[in-house]
Amino acid sequence: MSPGRHRWEWMLHPGEDPAPFLTSASVRERILPWLDGEDIEIERAVVYTFHTRTAARWRRGRVLLAGDAAHLTPPFAGQGFSSGARDAANLAWKLEEVLHGAPDALLDTYEQERRPHVAAMQRTANTMGAFVQATHPRTIRARDLLLRAMDGTRIQDLVATNVKPLPAYRDGAFASRPARLPWRRSVGALFPQTDRLDDELPRGWAAVAIDDVARELLEEAGLTVVDPGPDAAWLQSHDASWALLRPDRFVFGCGGVDAIAPTLRAWRRVAAPVREAVVA
């Protein structure tokens, strides 16, 4: 965790009494093999049960669920809080648009976009949990051999980089339907920020462009247009010279100059009329 702070976890089996595991002496005995003559202070010991659960509906009228209220994820992938943060980023701008006059149906795209990614993350966490919580001796030996063989290799890097599903949406509030395969998506993908691009972007809707004509057309529509810097490579890899970014920095639309007009029309159907009046 943070410097000087550590967290250990071990699994209790069905029928085991948790009380003996919570004493200071018991905790010290179990973590002793991981210490190297260090002095430690035990701050907390607790037994908890984790769940994989998802609410049947995340919206009913004016009530919307997010984070743990909408879905619970086991800790193995470390994505419980991150999933809640993604919920908040997705929902916040849509609430603001609707409160300023955008169609109420925009709020329905919140669950439409977020639920599939949450479900994929839950499946990943459960798979990782089964991997680390194996109890059969042969399974454990095979797992440990595999991990030792991968340690420090290119395969380990590839697994670590790609094991978690991409936060890219197949349906929702976009100018066009995103590609079916997540790794092929431009629209519906989270725009990269290799060089802290978000520090350069204004709050709300914004655009990036590497073409002067595209920049001019987007600015005429009232959008702030920013040079994407090193992330111009992302645009080029998707045969695009510009991208219109939602307030949560997912790509609403992108492409060549000929795609700007239909993208702006789709944007005005999503953006609140108050904002449309500014860019009319």
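The values are calculated or read from the model by the stated rules, or taken from the named source; none is laboratory data. Keep in mind the model is a prediction, meaning the values are calculated, not measured. Heads up, the Cβs are rebuilt from the backbone with ideal geometry, glycines too, and the neighbour counts pull from every protein chain shown. Note: accessible area is taken over every heavy atom of the protein model, side chains too, but ligands, DNA and RNA are not part of it. Shrake-Rupley method; radii C 1.70, N 1.55, O 1.52, S 1.80 Å.
Please list V159, V63, V98, V208 in order of solvent-accessible area, largest first, computed with a 1.4 Å probe with all protein chains present.
On the way: V159 70, V63 90, V98 30, V208 0 Å².
From most exposed to least exposed: V63, V159, V98, V208.
Take the range 164-240, compute every pairwise Cα distance, and split them into 10 Å bins from 0; I just need the percent in each bin.
18, 45, 34, 2
Please list, in order along the range 95-100, the HN-Hα scalar couplings obtained from phi with the Karplus expression 6.51 cos²θ - 1.76 cosθ + 1.60 (θ = phi - 60°), rounded to whole Hz, x for Gly and Pro.
Values, residue by residue: 4, 4, 5, 5, 5, 9 Hz.
Can you put Y48, Y169 in order of accessible area, largest first, using a 1.4 Å probe? If you can, show how the numbers build up before the last one.
Numbers: Y48 100, Y169 5 Å².
So the residues, ranked largest to smallest area, are Y48, Y169.
For D211 and T153 in the same chain, what is the full-extension length gain: residue separation times 0.36 nm, less their Cα-Cα distance, in nm? Show your work: numbers first, answer last.
Values: separation 58, 0.36 × 58 = 20.88 nm, distance 4.04 nm.
Extending this stretch completely gives an extra 16.8 nm.
Counting only residues 5 or more places away or on other chains, whose amide H sits under 5 Å from the amide H of L245 once H atoms are built in the peptide plane?
Amide H neighbours of L245: A206, A207, V208, F252.
Of all the accessible heavy-atom surface of the chain, with the other protein chains kept in place and a 1.4 Å probe, what percent is carbon and sulfur? List each step's numbers first, then the result.
Numbers: 9190 of 16970 Å².
About 54 percent, which is the carbon plus sulfur part of the accessible surface.
Given a 1.4 Å probe, how much area per residue of the range 39-118 is accessible, in Å²? Walk me through the intermediate numbers first.
Values: 4580 Å² over 80 residues.
Result: 57 Å² per residue.
Bin width 10 Å, origin at 0, all Cα-Cα pairs of the range 1-132: what percent of pairs per bin?
Percent of Cα pairs in each bin: 10, 30, 26, 18, 11, 4, 0.
Going highest first, how would you order 27-39, 73-85, 50-62 by mean Cβ packing within 10 Å? Each step should come with its number before you reach the end.
Details: 27-39: 9.4, 73-85: 17.8, 50-62: 11.6.
With the highest mean Cβ count within 10 Å placed first, the list reads 73-85, 50-62, 27-39.
Using a 1.4 angstrom probe, figure out how much accessible area the range 133-280 has per residue, in square angstrom, rounded to the nearest whole. Provide the component values of the computation, followed by the final result.
Details: 8410 Å² over 148 residues.
Normalised by residue count, the accessible surface of the range 133-280 is 57 Å².
Measure nothing fancy, just the Cα-based angle from helix 260-270's long axis to the longest principal axis of the chain, in degrees from 0 to 90, nearest 10.
70
Return the calculated 222 nm mean residue ellipticity for the chain, to the nearest 500 deg cm²/dmol, obtained by summing -39500 (n - 2.57) across DSSP H runs with n ≥ 4 and dividing by the residue count. Show your work: numbers first, answer last.
Working: 9 runs with 109 residues, N = 280.
Computed ellipticity for the chain at 222 nm equals -12000 deg cm²/dmol.
Taking the Cα centre of the chain as origin, work out the dipole magnitude from +1 charges on Lys and Arg Cβ and -1 charges on Asp and Glu Cβ, in debye rounded to 20.
Values: 35 positive and 36 negative charges, 263 e Å.
Roughly 1260 debye for the chain.
Quick one: what are the phi-derived ³J(HN,Hα) couplings along the range 17-28, Karplus 6.51/-1.76/1.60 with θ = phi - 60°, whole Hz, x for glycine and proline?
Calculated HN-Hα couplings, in order: 7, x, 3, x, 7, 9, 6, 4, 5, 5, 5, 4 Hz.
On alpha carbon coordinates alone, what is the Rg over Rh value for the chain, Rh being the Kirkwood radius?
On the way: Rg = 23.5 Å, Rh = 22.1 Å.
On the Cα set of the chain, Rg over Rh gives 1.07.
Work out the FRET efficiency for D39 and R203 from their Cβ-Cβ distance, taking R0 = 41 Å, and round it to the nearest 0.05.
Details: r = 47 Å, r/R0 = 1.15.
So the FRET efficiency works out to roughly 0.30.
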